[in-house]
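Q: Below is the structure I would like to discuss, written out as structure tokens.
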Amino acid sequence: MGNYLIIGGSKGIGFSLAKTLAVENNVWSLSRTASSELNQSKITQIAYDVLNPEKPTFEIPQQLHGLAYCVGSINLKPFSRLTEEDFLLDFKINVLAAVKIIQHALPALKSSGNASIVLFSTVAVQTGMGYHASVASAKGAVEGLTRSLAAELAPIVRVNCIAPSLTNTPLAEKLLNTSEKVDASNKRHPLGRIGTPEDIASLAEFLLTEKSSWVTGQVFHADGGLSSLRVM
């Protein structure tokens, strides 16, 4: 049984991951709002806003076996309409907030002797997509952070990243709020459908646990084949 910290555990991928890990582990779930569906004996919910400018002060166990930063943003605008504030906000949410939390949790991660960190990017970093300039810039920094931390923290802490394509979560609600949008999105993917939170959470669970004990510094493309396949 291990101790795992999930940031953004009340919804979407983080929610699915928290439930999966709690079957055999203790989970601390950080999010702005609590989830009544996470009221389990092995899940501790902590109210926390990742944009809080102060250093994190929440309590975590002395030993952590894994940390997943599942918070993200989908800020899609034409480049001409993006402001400096757009770029800064995406960077704060996806990069700086993750950095603060990892720094806060690092002593506990190192204390376990063999811990894992999972961060999240997007398919749009490696596959150029219009209207993604701000979020792809921020997520590109996440991929750089992943590899740098993996090198610096080896062999005690492994660090990997998942780059999903469009996934059916509350964050993507505006992109999937009609059957026509869902159908069009399904058809864009070689596997014929968009992702589910469970699709991504199962990969995150693998990367957080001993099942992936010889894997670090990698960016995994869980994207229904969108980034690498062209079906004729």
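What follows draws every value from the coordinates through simple rules; no lab data is involved. What you see is a predicted model, and the numbers here were worked out from it, not measured in a lab. Cβ coordinates were reconstructed from backbone atoms using ideal geometry, including for glycine residues, and neighbour counts include every protein chain displayed.
Q: Springs between alpha-carbon atoms under 10 Å, Gaussian network over the chain: tell me which of Ser29, Ser213, Ser121 tops the mean-square fluctuations.
A: Ser213
Q: Go through 201-207, 183-189 and give me the packing order, highest mean Cβ count within 10 Å leading.
A: Top to bottom by mean Cβ count within 10 Å: 201-207, 183-189.
Q: Do you know the relative contact order of the chain, to the nearest whole percent, from alpha carbon pairs under 8 angstrom that are 6+ apart?
A: Reported relative contact order: 21 percent.
Q: Which of these, Val27, Val99, Val135, has the largest mean-square fluctuation under a Gaussian network model of the chain (Cα springs below 10 Å)?
A: Val99
Q: What's log10 of I(q)/I(0) for region 58-99 at q = 0.32 Å⁻¹, Debye sum over Cα points only, no solvent?
A: Debye output, listed in q order: -1.14.
Q: Equivalent ellipsoid semi-axes for region 3-220, as square roots of 5 times the alpha carbon gyration tensor eigenvalues: give them largest first, rounded to whole Å.
A: Equivalent ellipsoid semi-axes, largest first: 27, 19, 18 Å.
Q: May I pose another question? Quick one: length gained pulling Arg81 to Leu191 fully straight, 0.36 nm per residue minus the C-alpha distance?
A: 36.3 nm
Q: OK, next. Most mobile of Gly128, Gly14, Gly217 per a Gaussian network model of the chain (Cα springs, under 10 Å)?
A: Ranking Gly128, Gly14, Gly217 by mean-square fluctuation puts Gly128 first.
Q: Among Ala105, Ser148, Gly14, pick out the residue whose Cα is farthest towards the positive end of the charge dipole of the chain, where Lys and Arg carry +1 and Asp and Glu carry -1 on C-beta, about the Cα centre.
A: Ser148
Q: If each DSSP helix of 4+ residues adds -39,500 (n - 2.57) and the sum is divided by the residues in the chain, what number results at 222 nm, nearest 500 deg cm²/dmol?
A: Estimated from H runs of four or more residues: -10500 deg cm²/dmol.
Q: While we're here: How much net charge surrounds Glu173 when only the other residues with a Cβ under 14 Å from the Cβ of Glu173 are counted, with Lys and Arg +1 and Asp and Glu -1?
A: +3
Q: Quick one: check the C-alpha center-to-center distance for region 45-64 versus region 160-232, whole angstrom.
A: Cα centres, region 45-64 to region 160-232: 27 Å.
Q: In debye, nearest 20: dipole of the chain around its Cα centre with unit charges on the Cβ of K, R (+) and D, E (-)?
A: My answer is approximately 260 debye.
Q: Just to be sure I follow the rule: in the chain, considering lysines 8 or more places apart or on different chains, how many pairs have Cα atoms under 18 Å apart?
A: Final tally of qualifying lysine pairs is 16.
Q: Calculate the radius of gyration of the Cα atoms of region 25-126 to one decimal place, then report Dmax, the largest Cα-Cα distance, as a whole number, both in Å.
A: Rg, Dmax (Cα atoms, Å): 15.6, 49.
Q: Still on this structure: Against the 2.2 N^0.38 Å scaling, with N counting residues, where does region 93-232 land? I'd like the Cα-based Rg ratio to two decimal places.
A: Numbers: Rg = 16.1 Å, N = 140, 2.2 N^0.38 = 14.4 Å.
Normalised by 2.2 N^0.38 Å, the Cα Rg of region 93-232 equals 1.12.
Q: Mark the label point 7 Å from the Cα of Glu24 along Cα→Cβ and return the residues of region 170-212 whose backbone N is within less than 12 Å of it.
A: 206, 209-212
Q: Continuing with the same structure: May I ask for the net charge around Glu198, where only other residues with Cβ less than 12 Å from the Cβ of Glu198 are counted and Lys, Arg are +1 while Asp, Glu are -1? Working shown, then result.
A: Numbers: positive: Lys19; negative: Asp199, Glu205.
Cβ neighbours under 12 Å give a net charge of -1.
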